[in-house]
Amino acid sequence: MPKVAENARAPTVLRVQRDPVKLTALLYLREALRRERYEECAQFVAVAKEFGAKDREIEELLEDPRRTPR
């Protein structure tokens with residue numbers, strides 16, 4: 001019978017990748033929404049999506065620009 005220690009793996013660390021460009025684009029999107037500069041929003045959404053923003057992150061800002069992007 002094999003020992004449990006032989007099959008055990010070392011613990012792994014969960015790392016959350018946060019892209020500063022994505023966060024900056026989401027912050028700029030939030031600011032454009034607050035200032036009602038809607039013509040700029042499409043550009044910020046495109047950049048945020050290019051750098052990994054999820055649809056839900058963008059929807060949250062569109063629903064309520066007072067929210068802080070993560």
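The values are calculated or read from the model by the stated rules, or taken from the named source; none is laboratory data. As the structure is a prediction and not an experimental result, all values here were calculated from the model. Every residue, glycine among them, receives a Cβ derived from its backbone with ideal geometry; neighbour counts consider all protein chains shown.
Taking residue 70 as the residue in question, decide whether it is loosely packed, with under 12 Cβ neighbours inside 10 Å and either within 11 Å of the chain's Cα centre (by Cα) or at pLDDT 95 or above (or both). First the steps, then the outcome.
Working: loosely packed, with under 12 Cβ neighbours inside 10 Å: yes; either within 11 Å of the chain's Cα centre (by Cα) or at pLDDT 95 or above (or both): yes.
Answer is yes for this residue.
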Scanning the range 35-65 for residues that are over 12 Å from residue 25 (Cα atoms) and touching a residue at least 24 places away in the same chain (Cβ under 8 Å) gives 62, 65
Does the range 47-66 include one or more residues that are surrounded by 13 or more Cβ atoms within 10 Å (Cβ to Cβ), part of a loop (DSSP other than H, G, I, E, B) and either modelled with pLDDT of 95 or more or in contact with a Leu (Cβ under 7 Å, 6 or more places away or on another chain) (or both)?
-> yes
